[in-house]
Amino acid sequence: MRSIAETEQARAIRKAVEEAARRRDRYAEDRVDDLLKSLDAAADDVARQIARFEKKAALKEWQELRLSILKDLESKIDDIAKELKANWKVGIRDNVEGAMKLGIEDGVGQLEALEHPDFAGISDKAKRAAITKTFSTIDRAAIDFLANYQLNLLGDVSTELAAGIKRTITQGVLTGKSIPEVARDIGKVVTDKEAFKKAGKTVFKSAQQRATLIARTETLRAHNEGRKVFYREVGIAKVKWLTAQDERTCPECAPLDGRVFKIDEAPGPPKHPACRCTVVTVLD
């Protein structure tokens, strides 16, 4: 039977884990906001380009647009996609570093909750020193790898966005849709959750979903990597997997809840895109 002290410690650990997850998720949502601002600007640019070409086609039926005009429009769309990728690249390394530092902070908080001899009652100054010391040991190449990996994923989104826009325009021309109808099919960024659910299937909705998923998943990956560096630094060899323990917990992660792994053998997190799991320190 567990003692009162053990129960209180378990509660303290769970509280530390939940607070760390909230900080991590807030950080991820800030990243989502940054990505969507750039995507929204790209949507405005696309709308302006289509409106500009609508004026050129004012004396013709939309279906009769000359190939040269359509090719010019497609070139503008490619330029917008390249600019979007460039905007997404800005600050990406800083975001990875920030998520890793949060992971280290999470590790410190867990050892404090466990009343580890070196971290019980630790001061804020000592916490900051531990975070700074651990972060300084991280290989710069590891940070670059995570940043480039995320950038490649986002680059795929911008490329697919451009291809989707051009495909939608071409199909609109061939099927006789009006320019406003084509613009609706391309869509725009929708930040209101209920409005997003009701929005039809558009090119920008797909890009928004992908960018949001990448930001959340890759923030979790960097967060976990930072925490693992800290664990190794202080000699932690094992971690326990914890799911979110709610109705949204997926069949892939549910069997892992409570399982203990050697630190370098844990299958994440993230186990998969949109994973919400975490791991906690196990002390021998």
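The values are calculated or read from the model by the stated rules, or taken from the named source; none is laboratory data. Source: prediction; values computed, not measured. Note that we place each Cβ from the backbone using ideal geometry, even for glycine, and neighbour counts take in every protein chain shown. All accessible areas refer to the heavy atoms of the entire protein, side chains included, with ligands and DNA or RNA removed. Shrake-Rupley method; radii C 1.70, N 1.55, O 1.52, S 1.80 Å.
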Name the residue that is most open to solvent (accessible area, probe 1.4 Å), counting only residues in segment 255-280 that are within 30 Å of Thr212 (Cβ to Cβ) and not in a loop (DSSP other than H, G, I, E, B).
Pro255
If I filter segment 186-195 for residues that are out of contact with any strand residue (DSSP E or B) (no Cβ under 6 Å at 6 or more places or on another chain), surrounded by 20 or more Cβ atoms within 10 Å (Cβ to Cβ) and over 30 Å from Lys271 (Cα atoms), do I get at least one hit?
yes
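For Ile122, state whether it is without any contact (Cβ under 8 Å) to a residue 24 or more places away in the chain, closer than 24 Å to His223 by Cα and touching a helix residue (DSSP H, G or I) at 6+ places or on another chain (Cβ under 7 Å). If you could, list the steps in order and put the result at the bottom.
Details: without any contact (Cβ under 8 Å) to a residue 24 or more places away in the chain: yes; closer than 24 Å to His223 by Cα: yes; touching a helix residue (DSSP H, G or I) at 6+ places or on another chain (Cβ under 7 Å): yes.
Criteria met by Ile122.
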Can you go through Asp124, Asp156, Asp106 and tell me which one is within 27 Å of Ala16 (Cβ to Cβ), in contact with a Lys or Arg (Cβ under 9 Å, 6 or more places away or on another chain) and of a type in the set (D, E, K, R)?
Asp106
Subset of segment 242-254 [open to solvent by 80 Å² or more (accessible area, probe 1.4 Å) and at pLDDT below 90]:
Gln245, Glu247, Arg248
Determine whether Ala183 is more than 24 Å from the chain's Cα centre (by Cα) and not acidic (Asp, Glu).
yes
Which of (1) open to solvent by 40 Å² or more (accessible area, probe 1.4 Å); (2) closer than 21 Å to Pro269 by Cα; (3) among the hydroxyl-bearing types (Ser, Thr, Tyr) does Ser206 not meet, given it meets every other one?
(2)
Six or more apart or on different chains, Cβ atoms under 9 Å: show the pairs whose first residue is in segment 252-275 and among the β-branched types (Val, Ile, Thr) and whose second is at pLDDT below 95 and open to solvent by 60 Å² or more (accessible area, probe 1.4 Å).
Val260/Lys238; Val260/Lys240; Ile263/Arg232; Ile263/Lys238
Just checking, does segment 222-241 include any residue being open to solvent by 70 Å² or more (accessible area, probe 1.4 Å) and under 30 Å from Ala195 (Cβ atoms)?
no
Please go through (1) touching a Gly at 6+ places or on another chain (Cβ under 7 Å); (2) buried (at least 20 other Cβ atoms within 10 Å of the Cβ) for Glu181 and return the number of the only condition it doesn't satisfy.
(2)
If you check Ser136 against the conditions, is it more than 17 Å from Asn95 (Cβ to Cβ) and in contact with a Phe, Trp or Tyr (Cβ under 7 Å, 6 or more places away or on another chain)?
no
